[in-house]
Amino acid sequence: MIKGIVQPGEMLALMGSSGSGKTTLLNALNFSINDKMLVEGNIMLNGCEADPVKMSMVSCYIQQDDLFFGTLTVQEHLVFQAMLRMDKNLSRESKMKRVYQVLQEFNLERRANVKIGIPGRIKGISGGEKRRLAFASEVKKSIKLSDFILCVQDSKMAKSIIHSLKKLTDRGKTIICTIHQPSSETFAMFDKICLLSQTKVAFFGSREDGLEFFEKNLHLKCPPFTNPADFYIDSLGIDVNDMANSQAEILTYCDKFAKSEYNLSLSKKIESVKPEYFSSPPNYTSYRSSWREQMTFLLQRSFFNYIRNRKVVLNDIIMVFVTAILGGSIYYQTGEANSGKECKFDQKSIQNVSFALFYTITVSVIFSMLAAVMAFPNEIPIYYREHKSSVYRSDTYYLSKFLIELPVYLILPSIHATIIYYMAGFNCDKNSFSVFLLTDILISNAAFSLGHILSVSTSDANLAISLTSPFIAVQMLFSGFFLRRAVRTPKFLSYIRYGSIFNYGYDLLMLNQWENVNEIECEYDIELLCLTTGGSVLNEEKIRRKNKIVYIIMLLFLNILFRIIAYVILWTKGKRSNITYNRLLKKIKSKIAINV
């Protein structure tokens, strides 16, 4: 049973060794428990039972990792948060004024125009400044939950962070955070402590009462000149050399607290809280900004994030030029132009053209899928956090990404298609290039959308990249390039080709290349051994001429379908976590009272 009470203006430290249940308790308080974990008991807010909606109205949860768009400056990040989190009835001037106030409160005004930074790529603010920025982003909430607030901070930086939070408690805010090995000065700033061990409470109360309880009830006295925080952790730590006895001893400590007058007094305080009911306003919406405002600022952030990632932009451009020029050089002038308007092809060029077209598709698919799976997973954790905090809707986020990516994946495939088309000397018909260009754009965007599916499904860049190869391999196998359509395949496998980008892309490029070629030179004495027209090449490949428009429509359909699937997965995974009262894997028995 975990039991406690925190009042406005108080700062509570959750302490304990690794695995004691600190993070799990914070997750429970924030209703961030997954469906494999059961929470028993009550979370009381102003004496009334809380639910995810009410808790989200008054609280925020700052987790161990500081998640930001490193390409934004400190001020740009806070402006984004202010515009989408603060009351929609406030003017822009009022919101900007609040941003400047927050910068001063958290001692960030000198770093306002400095980029937040990406380790190893973009130089930015320090780790302590990032932690302060995380709290500054959530300054409006009355209750602040934080996991490992002082993680990897030096004592001076830790003291600075806690000092900033202490200013918030002076204004009536409630702070609940886990800490690990704070300095004595830092520890002295906390009002209350909750000592956990083996998911049980060893003590809950004021700092002063903690030392008194340990000395009076447990007969453990903190040595002179010893940091009380270190004393608590050492006393409640498990001795790996005598684990059984150590665990039994700590359970005894927890039982003694449960039977002590300190716990009895705590129970009376919880029961004495008078219920103060509050509910959402009649027209309450969890989003503080309109759909248009969300779209505007998400577009702005996505644009800055892409443009300022100079290495990524430069890498994309270089890759397009290198692969296009390389392919164009290998298949240089596969079809040589005559003095007239038609191109000249021979028997050897038939196979070379097929290889060149397949190379074009392969490069476009690989480049686009990798671009999606390497970039998108970095944003997904930020999306989950901000969406859960009701900063913006799923549809505005995904649509804004699509609109920013669209020009990029119109321009880059156009450059790639233009270079390789004219270097390889494909069909000279004036309309052929337009179809070739359109096909390459559709292929690239369909592959990029497929990459989005992998990204949002796994939320892990390394796993998504490892899955890219088998996905591309399956797409290739059903392209018609490796496997003739006349060859019978198992029925359950034959349906895969309907979802293959290569299937429609290769057939469409082959149709575009050969349908208007009326003559192919035959170098052999026996003409029966030759394919003398473009139509005969298409017949050999079992490609129907009348399907050209169908292939274009199917590529467009795959673009839309893959985008919808990616969005549905993103929306589903981004739904707010609710506590599940069945499927018990782990129990947390708790009664926590928080006053706002």
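Each value in this text was obtained by applying a stated rule to the coordinates, not by laboratory testing. Fair warning: this is a prediction, and the values are worked out from it, not measured in the lab. Because the Cβ atoms are built from the backbone with ideal geometry, glycine has one as well, and the counts that use them run over all protein chains shown.
Which whole number in µm²/s is D for the chain by Stokes-Einstein, with the Kirkwood Rh taken over Cα pairs at 20 °C and 1.002 mPa s?
Numbers: Rh = 28.2 Å.
For these conditions, the coefficient is 76 µm²/s.
Against the chain, whose longest principal axis is taken from its Cα atoms, helix 127-137 shows a tilt of about 90°. Ellipsoid semi-axes for the stretch 300-426, based on the Cα gyration tensor and the rule √(5λ), read 40, 13, 12 Å when sorted largest first. With a sphere of radius 13 Å drawn around the Cβ of VAL550, what net charge do the other residues whose Cβ falls strictly inside it have (Lys, Arg +1; Asp, Glu -1)? Once positives and negatives cancel, what remains is +3. As a quick test, which of the pairs LYS54/LYS130; LYS311/LYS575; LYS3/LYS54; LYS54/LYS216; LYS256/LYS575; LYS140/LYS274 have an alpha carbon distance above 31 angstrom in this structure? Result: LYS311/LYS575; LYS54/LYS216; LYS256/LYS575 exceed 31 Å. A helix-only calculation puts the chain at -18000 deg cm²/dmol for mean residue ellipticity at 222 nm, using -39500 (n - 2.57) for each DSSP H run of at least four residues, averaged over all residues. Put in order of Cβ neighbour count within 10 Å, fewest first, the listed residues ASP242, ASP147 become ASP242, ASP147. Our coupling estimate for the stretch 311-323, obtained by passing each phi through the Karplus curve with A = 6.51, B = -1.76, C = 1.60 and θ = phi - 60°, is 5, 5, 4, 5, 4, 4, 5, 4, 4, 4, 5, 5, 5 Hz, Gly and Pro reported as x.
As a length-normalised measure over Cα pairs under 8 Å and 6 or more apart, the relative contact order of the chain settles at 24 percent. Amide H neighbours of GLY16 under 5 Å, counting only residues 5+ apart in sequence or on other chains, H built in-plane at 1.01 Å? Here the answer is LEU196, since their amide H atoms fall under 5 Å of that of GLY16.
Using C-alpha pairs under 8 Å with a sequence gap of at least 6, the mean separation divided by the residue count of the stretch 291-574 gives a relative contact order of 26 percent. On C-alpha positions alone, give me the angle between the axis of helix 92-105 and the longest principal axis of the chain, in degrees, nearest 10. Its long axis makes an angle of about 60 degrees.
Of all lysines in the structure, those lying under 24 Å Cα to Cα from LYS548, and not within fewer than 8 positions of it along the same chain, are LYS341, LYS344, LYS430. Using only Cα atoms, find the angle between the long axis of helix 548-574 and the longest principal axis of the chain, and express it within 0 to 90 degrees, rounded to the nearest 10. Helix 548-574 and the main axis of the chain meet at about 10 degrees. In sequence order, the stretch 296-309 has phi-based couplings of 4, 6, 5, 4, 4, 5, 5, 5, 4, 4, 6, 4, 7, 7 Hz under the Karplus curve 6.51 cos²θ - 1.76 cosθ + 1.60, θ = phi - 60°, and Gly or Pro positions carry x. Rounded to the nearest whole Hz, the Karplus-based 3J(HN,Hα) values (6.51 cos²θ - 1.76 cosθ + 1.60, θ = phi - 60°) of the stretch 237-252 follow the sequence x, 8, 7, 5, 7, 9, 5, 4, 5, 5, 5, 5, 5, 5, 4, 5, with x at glycine and proline. Each peptide in 92-104, 167-179 receives the mean, over its residues, of other Cβ atoms within 10 Å, and ordering these scores from highest gives 167-179, 92-104.
Starting from the exponent 0.38 and prefactor 2.2 Å, build the expected Rg for the stretch 291-574 from its residue count and divide its actual Cα Rg by it.
1.10
For the stretch 293-395, applying the loop criterion from DSSP together with a ceiling of 15 other beta carbons within 10 Å to the chymotrypsin sites (Phe, Trp or Tyr not before Pro) yields TYR332.
As a proxy for reagent exposure, PHE376, PHE448, PHE69 were ordered by neighbouring Cβ count within 10 angstrom, fewest first; the result is PHE69, PHE376, PHE448. Beta-bridge orientation, the chain: approximately 30 percent antiparallel, per DSSP, counting only bridges with both partners inside.
Residues MET11, MET157, ranked from the fewest to the most other C-beta atoms within 10 Å, line up as MET157, MET11.
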